[in-house]
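K.L.:
Dropping the structure in here first, questions after.
The values are calculated or read from the model by the stated rules, or taken from the named source; none is laboratory data. Please read these numbers as outputs of a predicted model, since none were measured by experiment. We place every Cβ from the backbone using ideal geometry, glycine too, and count neighbours over all the protein chains shown.
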Amino acid sequence: MELRPNHQFDPYGPGADAYYTDEAADVVNNIDWDDPSSFFKAIGAGPGGSMPMPEMKSAPDVRREATARSAKIFNSYETLHEILQRHEATIRKRWIKKTRPQRLKILLNAWPNMPAMHRPDFEAFRKESEADRDRGTKYRDSFLCPFMNQEDLLNTKTLPLLLNARGRHPPSHFAAADIEAMHLGKVSKAIAPVFLNQYIMMLNGMTENTRDYGRLVGWHEHPDAFDWMTKRKQFLPGEGLLILEVQERLLNALVQCCLQLLHDIPESDLTSDLFPVLPEPPLKPESEVTGFESLSIMASEAPYRLPAELDLRLLESLLAARASAAEDHLWALREDPDYFSRTVLDAQEHRQEMLKDTMGRDHPVFSHGQRDVLWARVIGSVVLNAYIELELFSELSSQATKLAAMQEKYAGDISPSKDLPEEYLAALMRFRFYVDQAAKGPLGTLRHTAVASPPLRRLFVREPPLDHQSPKIKVISKPGAKMNDLEVQLIWLLRTLWEDDTTLFLAGMPLVVDETERLIQSEPRARELLSSQITRVVGDLSILSQCLNQLNLYHPWAMTFVAEAAERDEALKKEYAERTQSWGKIFAALHEKSISSRAVTLGQPTGGKFVYPVDKRRTRETVDALRRAEGNLDAFWVSIDHVIIAKAGDLRDSAVRNLLSQPRILQRTREWVEPEKPSPGVPAQQKAIESDPYTLYQPISKFYTAPSAKELDIQKPKTKLKTRGKARPPTPPTQAEVLSKPNPVDPQPSFPVDARALKVFRTIYFNPAATSTPGEVPWNDFLHAMTSVGFTVMKLYGSVWQFQPTRLDVERNIQFHEPHPRGKLPFTVARQYGRRLKRAYGWFGGMFVLAEK
């Protein structure tokens with residue numbers, strides 16, 4: 001079989017089948033298919049072309065090189081394996097005790113000219129132009145093996161991880177990961193694999209017979225060889241040689257590191273019977289070191305560990321918690337006037353209208369008579385984002401749950417030697433497509449809000465609008481604005497994300513998001529340059545990136561996903577359009593020109609209409625202020641529901657409709673009544689803790705299926721019941737009261753906690769009748785309180801933390817945002833976290849008691 005269109009993938013990497021298009025038909029007819037160079041010249045390779053001409057090698061030359069490299073690889077692997085079996089614990093101890101200069105000397109002796117910085121390929125990509133790379137990159141080693149760098153390996157933990165992974169598992173386990181590590185070098189054309197047509201190289205699954213590792217197989221030599229190539233179950237010869245090159249050099253370097261660390265033992269004795277084979281020493285999990293798991297640490301350590309496998313349960317957990325957070329956000333917008341006001345004002349602060357133009361002038365919306373235009377845009381975006389985020393993450397969460405169930409269903413049929421079951425593959429491709437579409441949301445939000453965010457606003461200006469009524473705004477870098485190196489690096493990363501162009505396509509969103517998070521975590525000044533809203537966007541991108549990253553780990557099938565997605569693209573687009581019809585209606589209903597002027601007026605956080613003194617002691621004045629703010633908020637949401645019902649319908653089968661129609665309730669403040677005197681023998685503080693007489697309840701929305709307002713105690717009787725001196729009969733409890741009180745059949749547990757945790761829970765479940773003044777909650781104290789009642793903690797990206805219960809009968813995870821830029825939760829935020837914990841787990845303040853010493 002010969003090289004033909006669609007028979008041979010481009011050696012430069014994914015997406016190469018773009019060359020084989022109808023537009024190239026006239027070129028194809030003139031290609032000499034017996035001469036591979038003719039094909040590459042036809043697609044623009046060579047001098048003056050769009051890409052370098054790959055080196056051509058004959059089958060005997062490739063086979064000779066592969067055989068030689070494979071022999072050296074397994075010689076080094078066997079030596080490393082035997083050394084670690086006997087001395088791994090000693091090597092770890094000695095490495096930790098070395099000073100930084102001593103560790104650096106060992107690394108450079110084993111790997112001369114090792115790049116100094118983390119992800120040197122990323123830095124090289126920024127430095128070199130495409131023309132530079134076409135002429136031959138100066139940074140080949142950086143692109144070829146980016147995880148071999150001083151910054152990462154000088155860490156006391158990294159080299160022991162790498163030694164353990166590469167010395168305890170055969171080289172074939174790392175073949176797919178090693179070619180994936182040089183992805184940026186391949187797609188940017190800094191690395192050009194050699195080309196050999198009609199052959200594949202055997203690397204995947206070659207664990208026992210070392211002579212087969214790197215074996216070259218012609219299409220004519222095995223009936224499945226062509227299928228292995230087209231379905232990416234094995235490797236193109238050029239890719240295989242790159243993998244062998246990296247592994248040969250890496251394993252030799254690791255052996256050299258061991259020899260230096262064990263320099264006092266004669267080399268001939270290292271693997272002899274003088275030293276017995278010992279059990280593998282355990283590696284401490286991150287949670288034992290820091291007290292919590294960290295997604296960024298997991299990402300940074302991934303190149304140095306055994307390649308991870310697809311973890312759909314992790315994705316299910318992340319997406320379910322994020323969908324729950326979206327639900328809580330919409331709930332809080334409807335329930336809490338202070339939360340609503342803060343959210344709207346923060347959204348306004350991130351609007352591009354806040355930027356001055358190139359002449360230093362304000363945007364026209366700030367002129368007299370135009371303020372309502374700005375508020376329509378701000379309020380519409382707040383409501384729209386809340387609705388769409390709930391829809392989006394609920395959909396992804398549902399798909400992830402189904403995928404995890406399918407993975408278990410087909411566990412017995414999934415084998416690297418076979419294709420995935422069609423139902424399962426189709427679900428994976430659907431999920432991948434939806435994640436790609438979902439990422440456009442936060443990427444767009446980043447584009448519109450980052451430049452206007454208060455910490456970065458000084459670096460950008462608007463061009464004056466041609467039409468004062470047009471919502472279109474063009475933002476450019478501010479002429480003369482000076483940036484330090486850190487700001488340049490951060491803006492480059494953010495711009496790569498929000499521009500969503502060739503650079504992001506080549507680097508891949510997971511890599512850029514990882515580098516953004518790493519910069520934020522390693523440089524406190526970078527964190528200060530990001531507002532809390534931008535860190536939330538980065539958090540959402542990290543969850544979506546984790547979804548894509550997990551799919552990329554699913555070897556060997558991951559290498560086929562680009563081609564599979566291309567074949568299913570039209571069908572998936574059609575399905576997505578049908579599935580998201582209700583989302584489009586919500587977009588249309590909440591457009592600035594669609595949203596009613598009444599809703600805009602009611603939702604403006606001006607004139608003190610949402611002042612909410614919830615932290616004050618209950619008096620007639622504070623109760624009246626609370627009720628007034630709640631009434632104003634309820635009126636706003638009634639007007640929004642009117643708009644949605646009128647212009648988008650009842651949103652049947654949507655996540656928003658599912659939330660708004662639930663028989664759950666908003667907390668509202670009762671009218672003021674003089675407090676009763678405490679009963680004899682009952683301390684006043686204890687009575688206050690047990691009940692809050694100032695709370696009543698109402699449905700989250702009056703427009704969907706839910707208990708009626710009368711049932712939920714919204715309406716009060718206007719006339720007093722005349723009892724003619726007789727005792728008034730007890731009033732039967734309302735449905736709201738039944739729903740709000742603990743179920744006596746299923747009592748909630750009591751949590752004995754230490755004084756530090758108790759202070760946290762008393763703040764987040766603040767009762768003004770029991771406590772005089774609520775305070776701030778240090779974030780570390782909140783983490784301590786949550787872990788003390790049995791939660792495990794994982795730090796995600798941006799400001800997101802995920803908490804997983806381990807001692808409750810509820811398996812629901814919950815996500816919270818770390819306060820930014822200060823490390824303390826203001827009372828209003830802490831109180832909101834308490835409300836969310838109550839909805840998720842049924843908690844209330846009286847459940848937490850001081851543990852006996």
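K.L.:
Inside the range 452-484, can you point out the residues that are of a type in the set (Lys, Arg) and surrounded by fewer than 15 Cβ atoms within 10 Å (Cβ to Cβ)?
P.N.:
Those that are of a type in the set (Lys, Arg) and surrounded by fewer than 15 Cβ atoms within 10 Å (Cβ to Cβ): Arg458, Lys472, Lys474, Lys482.
K.L.:
Then there is this: Are any of the residues in the range 188-208 at pLDDT below 90 and out of contact with any helix residue (DSSP H, G or I) (no Cβ under 9 Å at 6 or more places or on another chain)?
P.N.:
Checking the range 188-208: at least one residue is at pLDDT below 90 and out of contact with any helix residue (DSSP H, G or I) (no Cβ under 9 Å at 6 or more places or on another chain).
K.L.:
Same structure, new question: Scan Phe761, Phe751, Phe766 and give me the residue that is of a type in the set (Phe, Trp, Tyr), over 30 Å from Glu517 (Cα atoms) and modelled with pLDDT under 85.
P.N.:
Going through Phe761, Phe751, Phe766 in turn, just one is of a type in the set (Phe, Trp, Tyr), over 30 Å from Glu517 (Cα atoms) and modelled with pLDDT under 85: Phe766.
K.L.:
Somewhere in the range 800-819, is a residue closer than 21 Å to Val614 by Cβ, of a type in the set (A, V, I, L, M, F, W, C) and under 24 Å from the mean Cα position of the chain (by Cα)?
P.N.:
yes
K.L.:
Right, next: Kindly provide the set of residues from the range 114-138 that are touching a strand residue (DSSP E or B) at 6+ places or on another chain (Cβ under 8 Å) and of a type in the set (Lys, Arg), ordered by number.
P.N.:
Within the range 114-138, none qualify.
K.L.:
Right, here's the next one. Based on what the data block shows, is Phe561 part of a helix (DSSP H, G or I) and not assigned by TED's automatic domain parsing to the domain that holds Gln437?
P.N.:
no
K.L.:
Which one of Phe610, Phe636 is touching a helix residue (DSSP H, G or I) at 6+ places or on another chain (Cβ under 9 Å), part of a loop (DSSP other than H, G, I, E, B) and closer than 22 Å to Pro699 by Cα?
P.N.:
Phe610 is the lone residue from the list that is touching a helix residue (DSSP H, G or I) at 6+ places or on another chain (Cβ under 9 Å), part of a loop (DSSP other than H, G, I, E, B) and closer than 22 Å to Pro699 by Cα.
K.L.:
Being farther than 16 Å from Leu553 by Cβ and outside any helix (DSSP H, G or I) is the filter here; which residues of the range 411-442 pass it?
P.N.:
Result: Ala411, Gly412, Asp413, Ser415, Ser417, Lys418, Asp419, Pro421.
K.L.:
What residue, of Thr401, Thr449, is over 24 Å from Asn204 (Cβ atoms), surrounded by fewer than 21 Cβ atoms within 10 Å (Cβ to Cβ) and among the hydroxyl-bearing types (Ser, Thr, Tyr)?
P.N.:
Thr401
K.L.:
Just name the residue that is surrounded by the fewest Cβ atoms within 10 Å (Cβ to Cβ) out of those in the range 110-151 that are hydroxyl-bearing (Ser, Thr, Tyr) and outside any helix (DSSP H, G or I).
P.N.:
Taking the candidates together, the pick is Ser129.
K.L.:
Might you check whether a residue that is in contact with a Leu (Cβ under 8 Å, 6 or more places away or on another chain) and assigned to a loop (DSSP other than H, G, I, E, B) occurs anywhere in the range 381-396?
P.N.:
Scanning the range 381-396 turns up no residue that is in contact with a Leu (Cβ under 8 Å, 6 or more places away or on another chain) and assigned to a loop (DSSP other than H, G, I, E, B).
K.L.:
Enumerate the pairs (first residue in the range 241-265 and assigned to a helix (DSSP H, G or I); second residue anywhere and of a type in the set (Ser, Thr, Tyr)) with beta-carbon separation below 7 Å, excluding pairs fewer than 6 apart on the same chain, so at least 6 apart or on different chains.
P.N.:
Between residues of the range 241-265 that are assigned to a helix (DSSP H, G or I) and residues that are of a type in the set (Ser, Thr, Tyr), the close pairs are Leu244/Ser70; Leu251/Ser76; Leu251/Tyr77; Asn252/Ser76; Val255/Ser76; Val255/Thr79.
K.L.:
Of all residues in the range 346-378, count the ones that are in a loop (DSSP other than H, G, I, E, B) and out of contact with any helix residue (DSSP H, G or I) (no Cβ under 7 Å at 6 or more places or on another chain).
P.N.:
Result for the range 346-378: 9.
K.L.:
Shifting gears a bit: Going by what's in this entry, would Leu548 be described as touching a Leu at 6+ places or on another chain (Cβ under 8 Å) and modelled with pLDDT of 90 or more?
P.N.:
Spelling it out, it is not the case that Leu548 is touching a Leu at 6+ places or on another chain (Cβ under 8 Å) and modelled with pLDDT of 90 or more.
K.L.:
Could you tell me whether any residue of the range 224-236 is in contact (Cβ under 8 Å) with a residue 12 or more places away in the chain, more than 17 Å from Arg92 (Cβ to Cβ) and hydroxyl-bearing (Ser, Thr, Tyr)?
P.N.:
For the range 224-236, residues in contact (Cβ under 8 Å) with a residue 12 or more places away in the chain, more than 17 Å from Arg92 (Cβ to Cβ) and hydroxyl-bearing (Ser, Thr, Tyr): present.
K.L.:
Let me ask something additional. Would you check which residues across the range 165-192 are surrounded by fewer than 22 Cβ atoms within 10 Å (Cβ to Cβ) and among the charged types (D, E, K, R) and list them?
P.N.:
Within the range 165-192, Arg168, Glu180, Lys189 meet the criteria.
K.L.:
What's the number of the condition Ile73 fails, among (1) assigned to a loop (DSSP other than H, G, I, E, B); (2) closer than 25 Å to Gly240 by Cβ?
P.N.:
That leaves (1) as the condition not met.
K.L.:
Quick test of your reading of the structure: Arg617 fulfils all but one of (1) part of a helix (DSSP H, G or I); (2) closer than 30 Å to Gly775 by Cα; (3) of a type outside the set (Ser, Thr, Tyr). Name the failing condition by number.
P.N.:
Evaluating Arg617 over (1) part of a helix (DSSP H, G or I); (2) closer than 30 Å to Gly775 by Cα; (3) of a type outside the set (Ser, Thr, Tyr) leaves (1) as the failure.
K.L.:
Applying the selection to the range 273-330, what residues are part of a helix (DSSP H, G or I), over 19 Å from the mean Cα position of the chain (by Cα) and in contact (Cβ under 8 Å) with a residue 40 or more places away in the chain?
P.N.:
The answer is Ser287, Tyr304, Leu330.
K.L.:
Specify the residue that is surrounded by the fewest Cβ atoms within 10 Å (Cβ to Cβ); the eligible residues are those in the range 70-106 that are farther than 23 Å from Pro281 by Cα and in contact with a helix residue (DSSP H, G or I) (Cβ under 9 Å, 6 or more places away or on another chain).
P.N.:
If we take residues in the range 70-106 being farther than 23 Å from Pro281 by Cα and in contact with a helix residue (DSSP H, G or I) (Cβ under 9 Å, 6 or more places away or on another chain), then Lys105 is surrounded by the fewest Cβ atoms within 10 Å (Cβ to Cβ).
K.L.:
Right, next: Being crowded, with 19+ Cβ neighbours inside 10 Å and either among the basic types (Lys, Arg) or not in a helix (DSSP H, G or I) (or both) is the filter here; which residues of the range 519-535 pass it?
P.N.:
Once the filter is applied, which keeps residues that are crowded, with 19+ Cβ neighbours inside 10 Å and either among the basic types (Lys, Arg) or not in a helix (DSSP H, G or I) (or both), the range 519-535 yields Leu529, Leu530, Ser531.
K.L.:
Go through the range 90-116 and count every residue that is among the aromatic types (Phe, Trp, Tyr) and out of contact with any Lys or Arg (no Cβ under 8 Å at 6 or more places or on another chain).
P.N.:
0
K.L.:
Only one of these conditions is not met by Thr156: (1) hydroxyl-bearing (Ser, Thr, Tyr); (2) surrounded by 19 or more Cβ atoms within 10 Å (Cβ to Cβ); (3) under 30 Å from the mean Cα position of the chain (by Cα). Which number is it?
P.N.:
(2)
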